[in-house]
Amino acid sequence: MTEPDVLAPQPDLGTPAVAGEATAAVTVDGVTVQVPAGTSVLRAAALAGVEIPRLCATDSLKAFGSCRLCLVEVDGVKGTPASCTTPCVDGMTVHTATETLAAVRSGVMELYLSEHPIDCAGCARGSCELGALARALGVTESRYRPAQPAPSAEAPDESNPYFVFDLSLIHI
């Protein structure tokens, strides 16, 4: 392996790979892909070249389905399961871009935005993952966001090296 190969970024397909032979044929938005049975629908979709919106899913963690943005429709299955926690079975047909899914994702994103700071520094810099995903989903504001942030006498907590916790930016 050459040095550039080591440094090249690897795509994050959303959930860890499942070991085994590719024995399940899964069709995602009309594209069929062979994967080991038990592979997540999210990973199978990525392998098929279909991007499903997600916030909480990554190759480095076991899927837990908390963001509810990666919902899909599966023929013969009631409801809209999370693609990150739904295992593939042979013959499965998955739809990722229906009107129902767009409406559900928009509603979920509105709830996220209701707690997202209006003056998010990451959004201003263009580096906020939540803001970028909201725009991609066509959600620019939330019906649930109050007009004014809650007042806070406490100074922002800057003890974490990755984020600042500022109570004055939390909306109630």
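Given the -39500 (n - 2.57) contribution per DSSP H run of 4+ residues, what per-residue ellipticity at 222 nm results for the chain, rounded to the nearest 500 deg cm²/dmol?
The per-residue figure over the chain is -6500 deg cm²/dmol.
Order the peptides 116-129, 45-58, 90-103 from the highest to the lowest mean number of other Cβ atoms within 10 Å of their residues.
Descending packing order for the listed peptides: 45-58, 90-103, 116-129.
Tell me the relative contact order for the chain as a rounded percent, counting alpha carbon contacts under 8 Å between residues six or more apart.
17 percent
Stokes-Einstein diffusion coefficient for region 62-164 at 25 °C in a medium of 0.890 mPa s, Rh from the Kirkwood formula over Cα pairs: what value in µm²/s?
Roughly 152 µm²/s, to the nearest whole number.
Could you compute the net charge surrounding Gly49? Neighbours are other residues with a C-beta less than 14 Å from the C-beta of Gly49; K and R count +1, D and E count -1.
Around Gly49, the charge tally is -1.
Simple spin-label model, 7 Å along Cα-to-Cβ: Leu55 to His95 in nm?
Using points 7 Å along Cα→Cβ, the separation is 2.6 nm.
Report the one residue of Phe163, Leu55, Val104 whose Cα lies farthest in the direction of the positive end of the charge dipole of region 25-172 (charges on C-beta: Lys and Arg +1, Asp and Glu -1; origin at the Cα centre).
The Cα lying farthest towards the positive end belongs to Val104.
Lone cysteines in the chain, going by a 4.7 Å Cβ-Cβ cut-off?
Here Cys70, Cys84, Cys88 come out as lacking a disulfide-compatible partner, given the Cβ-Cβ threshold of under 4.7 Å.
Quick check: residue separation of Ala103 and Phe64 times 0.36 nm, minus the Cα distance between them. What number comes out in nm?
11.8 nm
Taking a probe of 1.4 Å, how large is the accessible area per residue of the chain, in Å²?
60 Å²
Let me know the Rg and Dmax you get for the chain when you use only its Cα atoms, in Å.
So, for the chain, Rg and Dmax equal 19.0, 59 Å respectively.
Given R₀ = 41 Å, what would the calculated FRET efficiency be for Leu111 paired with Ala8, taking r from the Cβ atoms and rounding to 0.05?
0.65
Please give the net charge around Val35, taking every other residue with its beta carbon less than 13 angstrom from that of Val35, where Lys and Arg add +1 and Asp and Glu add -1.
-1
Counting Lys and Arg as +1 and Asp and Glu as -1, what is the net charge of the other residues whose Cβ lies under 12 Å from the Cβ of Ser114?
After counting each charged neighbour, the total is -1.
So how strong a dipole does the chain carry about its Cα centre when Lys and Arg Cβ are +1 and Asp and Glu Cβ are -1, to the nearest 20 debye?
Taking the Cα centre of the chain as origin, the dipole is about 420 debye.
At 1.4 Å probe size, with the rest of the protein present, what percent of the exposed accessible area of region 1-96 is carbon and sulfur atoms?
56 percent
The values are calculated or read from the model by the stated rules, or taken from the named source; none is laboratory data. Computed from a prediction, not measured in an experiment: that's the story for all the values here. Here the Cβ is made from the backbone with ideal geometry for all residues, glycine too, and neighbour counts use every protein chain on show. The accessibility values were calculated without ligands, DNA or RNA, using every heavy atom of the protein model including side chains. Shrake-Rupley method; radii C 1.70, N 1.55, O 1.52, S 1.80 Å.
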